[in-house]
Amino acid sequence: MRVGIDIGSTTVKVVVLDSDNHIVYKKYQRHHSKSRETAVKMLTQALESTGGGSITAALSGSAALSAAGISGLPFVQEVFATRVAVESLVGDVDAVVELGGEDAKILFITGGSEERMNGSCAGGTGAFIDQMASLLSLSLEELDRLSLEHLHIYNIASRCGVFAKSDIQPLLNQGAIKADIAASIYQSIVSQTIAGLAQGREIKGRVCFLGGPLTFLKGLRRRFVSTLELGDGAVFPENAEFFVAIGAALEGARGEPMDSADVLRRLSRANESDNKTGTLRPLFASEEEYAAFSRRHAQNGVPETDIDTYDGDAWLGIDAGSTTTKLVLIDENDRLLYSFYAPGKGDPLSALRGPLLKLLELCAGRITLRGAAVTGYGEELIQNAFNIDFGIVETTAHYYAAKKFDDNVDFIIDIGGQDMKCFKLRDGVVDSIMLNEACSSGCGSFIESFASALGYSVDAFARLGLFAKKPVNLGSRCTVFMNSSVKQAQNDGAGVDDISAGLSVSVVKNAVYKVIRAKNAAELGRSIVVQGGTFLNDSILRAFELEIGRDVTRPAIAGLMGAFGAALYAKSKAVGKSGLIGIEALRGFSRETKTTACGLCANGCKLTVNIFNGGKKYISGNRCGKPLGKKAEDLPDSYEFKKDLLLSYTPKPGSLGKIGLPLGLGMYELLPFWHTLLSELGFEVVHSGLSDRELYISGQHTIPSDTVCYPAKLMHGHIERLLEDRELTTVFFPCMPYNFDEGMGDNHYNCPVVAFYPELLAANVSGLKSIKYLAPYMAPHARSFPRLAAQYFHENFNIKKGTVKIAVQRAFEAYEDFKNKIYAFGDRALEFAETHNRRVIILAGRPYHTDPEVHHGVNRLLSSLGVVVISEDCLRPQAKMRLSVLNQWTYHSRLYAAAKFAAERPNVDLVQLISFGCGLDAITSDEVKDILENGGKIYTLIKIDEINNLGAAKIRLRSLLEAK
Amino acid sequence: MMAKLVYDETGRLLFTQEMREEYTILVPMMLPVHMTFLAKILKAQGFKVELLTSTSREIVNLGLQSVHNDTCYPALLVIGQMMEALESGKFDINKTALIITQTGGGCRASNYIHLLRKALKKRGWEHIPVISFNLAGMEKNPGFKFPIKVYFELVGTVVYGDIIMNLSNQTRPYEINPGETDALVDMWTQKLLDEGMSLRRLRWTLGRIAADFGAIPIKKEKKTKVGVVGEIYIKYAALGNNNLEAFLASENCEVVIPGLLDFIIFMGDHHLVDTRRYKIKYKKAAVSYLIKIVFSFFQKRLIGAVRRQGGFRVPADFRTIKSLAGDYVSDGNKMGEGWLLTGEMLELLHSGINNIICTQPFGCLPNHIVGKGMIRALRDGHPGANIVAIDYDPGATQTNQENRIKLMLAVARLANGI
C-alpha cells in the first residue's frame, strides 16, 4: 500500500493507494492549527481502516516540511507532487492551476515545463477567502452561492489579500451588494493568480484546476474559466483536493516499504517535538502581575445614567467603523445613557437600524435629542440614510473623546478593525497624525477572524495569550506575512496560547514600527490614551505597554470612543433640535441599492446608488461632484493641468511613418522632448495615452516581478496598447540612468526602475519581438548628446546628422517650454490661493503620478475639499539643500525642495504620494517628514497602488485639513 | 574621555588620527574568509577592530526601530547589527567607530551610510564616527589612511578570499573525511595572515592553495549543483539569507557562489562605461581604470591557478561574463549589481549549472530588472534553466523560502536523475 499525507496550511489530506494506484482510502479535514496532531489521528484512522502492514509513505505540503525533517519520512515538494499526480491521473493537459490555503501554484506542462509558486507578497488565497467570508458574515457555501448571482464586478486590488480587503471594506460601507462583492473577491484572486504567477506565459489549452478552494467553490471556478476564456478546455478532475496527497503517495512508492506501525511512530514523534520558531517574553510572568494590571486599568470607567428614568436633553454619537458599529447616547453631564456595540456584518445600515429604533423608543416622550453626529467609514451613508446632523472625521471624534478622559492627553492611538490612527497633540492642537497604510491595515479584524477560524471568541482567544509561556515571533510586515508566520509556527508545533500572544505582539509592533515609527516612549508623549475595540483585548494592551515601556490609559469604553467623541462633538455644536430620522420613518425604513457606471466623464466611475425610503438618494463611488449634480468649484489643480498639457502633444503626419512612445514612468516628463525630437526628424509620433484599468489588465500577464511599483507594471499595458496599432512598426523607449541636472542635488540619477525598465520590457513582452523596439541608452543632460543622437539616428534611420542636431535643439526648447508652463502654472496657483485665501497642498510625488490610474483621483478629492493643488514640479529649482541623506535623484531632489517650501509658508502643506514598492521613498519619506516637522508642519503620506478606493486617503486628508 | 570631535565643511564627523589610536572599529560581517583577512590587516595597522558576528533576533528589531521598515533588508540588518553591538555594553560608546561600505551609484544602497548616521542621531549617538569603506575615494577621513602596501594587501584579501571560497565550496560537499575542507580553510587563512598577503608571491601561493585543496580526498558522488546569485549582501551573508548555504548543504547540494572579484571589477568598469557611452568626464576615471586593470590581472592569476590544478570548475573571467550578459542587458545597466547579475546567471548556465537561486531583499529595485526581469528571457534562451527568485525580508518566513527552494531542487533532481 502507498500512503500519501498532505499537510497543508489549513487542511490535512490522507490518501492510501493500492499497488495498482487505485484509491482505497481518502480523507480531507481542516486541522485548525493542530496540523501534526490531526495528521497523526488521520493516519491512524487510515491505517486502521485499510489494515496497515508493509507500506510506503511520504509527506507533502507546506506544513509538512519540518515534520518530515523530524520524522525522517520522505518529503515530496507539493508542486512536484501535483505534477506527478496530474501526469498519472489526468494525462493530457497543458497547464495546471492549484490554489491552496496559503499558496497558489501554476504548472506549465506543454511547451517547456515550468512550475511556479506565488511570491511571498502575494500569499494567502484560501485563507483570504475564509477571512472575507467572515467579514461578510457568510459561510463559505453562502459566499459561493451569492457570487453566482452577481450582476456587477468591482475593481478590487489583486496584489494580495490585505490590499483587496482595503478595497472591499469601503464598498461594504457604501452599501454595495454582497453578491457583487463575493464575485469581485473571486475575480481579484483570478487576477492575482494570472498576474503573479503566469508572468508572461499564457494559460491556455486544456487547463486542470486543483486544490481545496477550486474544488469546493463553484463561483471561483467560473471566474477562472471565463477570465481565461477556456470554454471546454477547463478540466476539473475528481478528487482535485487530493492530488498533492496522491502525488506524494505515488512518489513515495519509489522508496523502501516500512512497517505501518513504524511510520505512525515516526510521525507521532514529530508531533511531540518542540517548537523552533523564535519566541518572545511572556506577556505576564504571573497571575499577580496580571491582577495588578487589571486593577490599574479598572480605574478608567465612565459615569452612567439610567435611560429608563432620565428626563432631559441628550446627544447621539455613531461610529460606523470598518468592522463594527457603535452607538452612544450622552446626557447633559456627558454621562452615558445608552451604548451599543456590534459587528457591522458588512452592512452598517442594517446593523444600526435596529438599535437606533430601540433607542428612539426608549427616549420617546422623556428624552429630547439635541444633536447627532456620525463618524467612521460609513459616515456618509449613515448620515444620508438617517439624516444625522453632523458627519465628522475620525480623528476629531477620537480627540474629543480622549480629552474627556485625560485633559493632558498628548498622544492618542486607536486600533480598530481595519485602521490604526495615532495622533500627537500639543497644547490641545493636533500636531501630527499617523495613519496606517494599506500594508499594515486590517490587524484588528485579522485577530478576530483568526480566532473565529480556530473556533474561539476574540475574548477567549485573547485570554489564552495572557499567560502563554513562549509567545511566538510572527514578524510585523502585514497580516499576510503574519498569517504565513503563524503557519510556520504551527508547523513547528506552537500552541494556540503562544500564537495568540504572538499575534498581539505583532499587531503592536506593526503599530509602533510601521505606523508610529517612534524610537522611544518619550517621543510619544507623557499622557497616552489608547482606544479602539482592539485595545479591549488585554493581550494587546499589555503588549503595547511592554513595547513602549510605559503605562497608558485605556478607557473602559475603549471600543466606543469614536461614538462617544461624536456625541460630545454634537453637544458642543448645540443645534437646538436634532434632525434625526423619526421613529415612524425608521420603522418603515427601506433601502434599494443599484450599481451603475457614471458616464459624465472618461473616468467612468462605478457608482453605487442607494435610495432610501423610496425617495432620498445617496450616490457613492464617485471621485468628483458631477454625478451628484454639483458643479465643482474651479480651483487650480496642476495634476489636471499637466495631464491636459501632455495630451496636447498630438501626432503630425511624417514621412518616416509612425513611431510609438509608451506614456509612463520617465516619459511623463520627457514626452515633450522626445515627441518634438522625433516629430522634427519626420516621424508621426503617437503615444499610448493615459492608463486605465483595462490597460493594466491587458499587460499584467507579462509582469515578472510582483513587488515592483504600479507605474512600472502599467508599462506592460502601454506596450500592449501601442502594439494594437497595426501601422506602428517602431516603439521608442530609451533607457536613461541620468535625468536632467537641475542643480538641486549631489547627483541627478533616475531610480533603477525608471532608468532600466525599457530593457525589462524587451525581455518580457513577446509582442515587441515582432516590431522594431528601440531602447537605446541616452543621456540628454550630457554635452555630447546632440552629437551622439545624430550618430544614433543616422545609423538607425539614415537621417542626416545636421537634421538631427536641429531637431535636438527644438526638443530642448520644447522641454524648456513645457517646464516653464508648469512653473508658471505653479506661480498662478500660489497667487490664486493668496488672493482667494485658500490653502495650498503640494501633492508631491513624481511626474508619472500625473496619470489618473496612478493617483486614482487624489487631486480631485483634494479639490473637493476646497484646496489648491500643485505638484512638486510646479516649483522652480531651488538652491542645493543640506540634508541628512544623499540627495542624488532628480525627481527626489524636488521633493525635498517642495517640503522646504511648504515648511516655510503658513498656507502651504505637503502631502506625499508614494507608490507601493518604491524603495527610494523609504528614504525620501523620512527625510521629507523631518523637513516638514522641523517647520512645524504635519506630514501626510498617501500610499497608492492598484487600490482604487480613496476611503483611507480621505480620512488622512480631512484630518490634515482639520488639524489646524 | 572621548576624542575631540572634528567635522568637515559639510558637517560630517571625521574619524581622526586621535580616534585611530583609541577607538574600536565595529565591522559588520559579510564574507567570513574575506572579512577575517580585512580585520587582520586593519589590526596590523594599529586599529582596534571587532568583527560583528551576532545573529541574534534582536538585530531585526533594532533594525526596524532604527530605519524605515521599507528600507532594503541589508541596510536594516547591518544597521541593526551595529545597534545591537552598541547597546550590548561590550563597547565604550565614547570610544567606538563604525565602518560601512559605500558603493555610490543610482541604487539606494548609496544611502546606507546616511541611514546609519540618521539612526545614530535618533539614538543620541551622533558622536560616533562612521567610516565609509569604498573604492571610489568618497568621504575621506584623516585617521583612515594607509601606506600603499596596505592597498596591495586589500587586493590580496579579495583574491585569496575568493580562491579559498571557490575551492572549498567545491571540495566540502564531497570530502571523505568530514571537516577536512574547513580545517584547510582555517589553516590557509592563518597562514596567509601570518605570512602577509604579498602580491609578489601571489601566483606561487595561489598554486599552493589550489594544490592543497586538490589534495583533499573526495567521493565520486553526484550532487545537485546550485548557483547562488543576487544582491551582494543577501547572497553572501548568512544573516541575510537565513543560512542558505547550510540549508543547501543539508539538502545534499554543491553550492556555487560567484566571487567578489567580479563585483569589484564591475565597480571600476561601470564608471568607465559612462564616460565611454555618454562622453562625460569623470574625475576618478583613472582610479576606476586602475581598479579594473589590477583586479582583472589578479583574476586571471586566480583562474590560471584553478585551471592548472585540474579537477575543479574554473570560473569565467570578467570579460567573458560581460560578453555573455551583453546579449540580454546593456552594460549601461549598472545600478546595484546591474548587468553583472544577469551575467553571473548566464555564466552558471553556460558552465552547465542550470539550478540557480536568485536572492534579493524584498523590493530590491535593480533586481526587478536584472534579476527577476531577466529570468523569462534566460529560460527562453536556455531551456534547461531552473531558476527561482527568493525574497528576503524581516517578515518572510523561512518555511516559505525553503519550500520554494525545495521545488527548484525537486525539478533539478528530476532533470539530473538523482
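The values are calculated or read from the model by the stated rules, or taken from the named source; none is laboratory data. Source: prediction; values computed, not measured. Here Cβ is always computed from backbone atoms with ideal geometry, including for glycine, and neighbour counts include all displayed protein chains. The area values use the complete protein model at the heavy-atom level, side chains included, leaving out ligands, DNA and RNA. Shrake-Rupley method; radii C 1.70, N 1.55, O 1.52, S 1.80 Å.
Here is how the numbers come out for the structure above:
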item: Some residue of the range A:821-844 being of a type in the set (Val, Ile, Thr) and within 14 Å of chain B (Cβ to nearest Cβ); result: no
item: Residue check, A:Asn747 facing chain B (nearest Cβ under 9 Å) and either in contact with a strand residue (DSSP E or B) (Cβ under 9 Å, 6 or more places away or on another chain) or not in a helix (DSSP H, G or I) (or both); result: yes
item: Condition check for A:Val686: farther than 24 Å from B:Val273 by Cβ and modelled with pLDDT of 95 or more; result: yes
item: Residues of the range B:77-128 satisfying the condition of being within 12 Å of chain A (Cβ to nearest Cβ) and among the hydrophobic types (A, V, I, L, M, F, W, C); result: B:Met83, B:Cys107, B:Ala109, B:Ile113, B:Leu115, B:Leu116, B:Ala119, B:Leu120, B:Trp125
item: Set A:Ile955, A:Ile923: member being within 13 Å of chain B (Cβ to nearest Cβ), aliphatic (A, V, I, L, M) and in a helix (DSSP H, G or I); result: A:Ile923
item: Selection from the range A:132-181 of residues that are in a helix (DSSP H, G or I) and among the polar types (S, T, N, Q); result: A:Ser134, A:Ser147, A:Ser166, A:Gln169, A:Asn173
item: Close pairs from the range B:239-251: first assigned by TED's automatic domain parsing to the domain that holds B:Thr399, partner among the small types (Gly, Ala, Ser), Cβ under 7 Å, at least 6 apart; result: B:Glu245/B:Ala238
item: Test: residue in the range A:617-626 that is open to solvent by 40 Å² or more (accessible area, probe 1.4 Å), under 24 Å from A:Ile388 (Cα atoms) and at pLDDT 80 or above; result: yes
item: Among residues of the range A:41-64, those that are open to solvent by 20 Å² or more (accessible area, probe 1.4 Å) and within 14 Å of another protein chain (Cβ to nearest Cβ), counted; result: 1
item: Search result, residues across the range A:187-203 that are in contact with an Asp or Glu (Cβ under 9 Å, 6 or more places away or on another chain) and either without any contact (Cβ under 8 Å) to a residue 40 or more places away in the chain or of a type in the set (Asp, Glu) (or both); result: A:Ser188
item: Neighbours by Cβ (under 6 Å, 6+ apart or cross-chain): first from the range A:62-83, among the charged types (D, E, K, R); second in a loop (DSSP other than H, G, I, E, B) and open to solvent by less than 20 Å² (accessible area, probe 1.4 Å); result: A:Glu78/A:Gly61
item: Residue in the range A:521-529 that is farther than 30 Å from A:Gly8 by Cβ and polar (S, T, N, Q) present; result: yes
item: Top-ranked residue in the range B:108-136 [being modelled with pLDDT under 90 and in contact with a Gly (Cβ under 9 Å, 6 or more places away or on another chain); ranked as surrounded by the fewest Cβ atoms within 10 Å (Cβ to Cβ)]; result: B:Asn134
item: Among the residues listed as A:Arg281, A:Arg353, the single one being among the charged types (D, E, K, R), within 14 Å of another protein chain (Cβ to nearest Cβ) and either in a strand (DSSP E or B) or in contact (Cβ under 8 Å) with a residue 60 or more places away in the chain (or both); result: A:Arg281
item: Out of A:His892, A:His855, sole residue that is away from chain B (no Cβ under 14 Å) and within 27 Å of A:Asp706 (Cα to Cα); result: A:His855
item: Residue satisfying all of: in the range B:381-393; open to solvent by 40 Å² or more (accessible area, probe 1.4 Å) and modelled with pLDDT under 90; farthest from A:Ser62 (Cα to Cα) among these; result: B:Pro383
item: The lone exception for A:Arg254 - which of (1) assigned by TED's automatic domain parsing to the domain that holds A:Ala133; (2) in a strand (DSSP E or B) it fails; result: (2)
item: Selection within the range A:3-24 - within 13 Å of A:Ser60 (Cβ to Cβ) and not hydroxyl-bearing (Ser, Thr, Tyr); result: A:Val3, A:Gly4, A:Ile5, A:Asp6, A:Ile7, A:Gly8, A:Val12, A:Lys13, A:Val14, A:Val15
item: Strands (runs of 3 or more DSSP E) lying entirely in the range A:58-119 (those with 2 or more residues that are acidic (Asp, Glu)); result: A:114-117
item: Count of residues meeting criterion [in a loop (DSSP other than H, G, I, E, B), within 14 Å of another protein chain (Cβ to nearest Cβ) and open to solvent by less than 20 Å² (accessible area, probe 1.4 Å)] in the range A:714-744; result: 5
item: Options B:Leu199, B:Leu167, B:Leu154: the member that is touching a residue at least 24 places away in the same chain (Cβ under 8 Å), open to solvent by 30 Å² or more (accessible area, probe 1.4 Å) and within 19 Å of the chain's Cα centre (by Cα); result: B:Leu154
item: Residues that are surrounded by fewer than 24 Cβ atoms within 10 Å (Cβ to Cβ) and either among the aliphatic types (A, V, I, L, M) or part of a loop (DSSP other than H, G, I, E, B) (or both), drawn from the range A:305-322; result: A:Thr305, A:Asp306, A:Ile307, A:Asp308, A:Thr309, A:Tyr310, A:Asp311
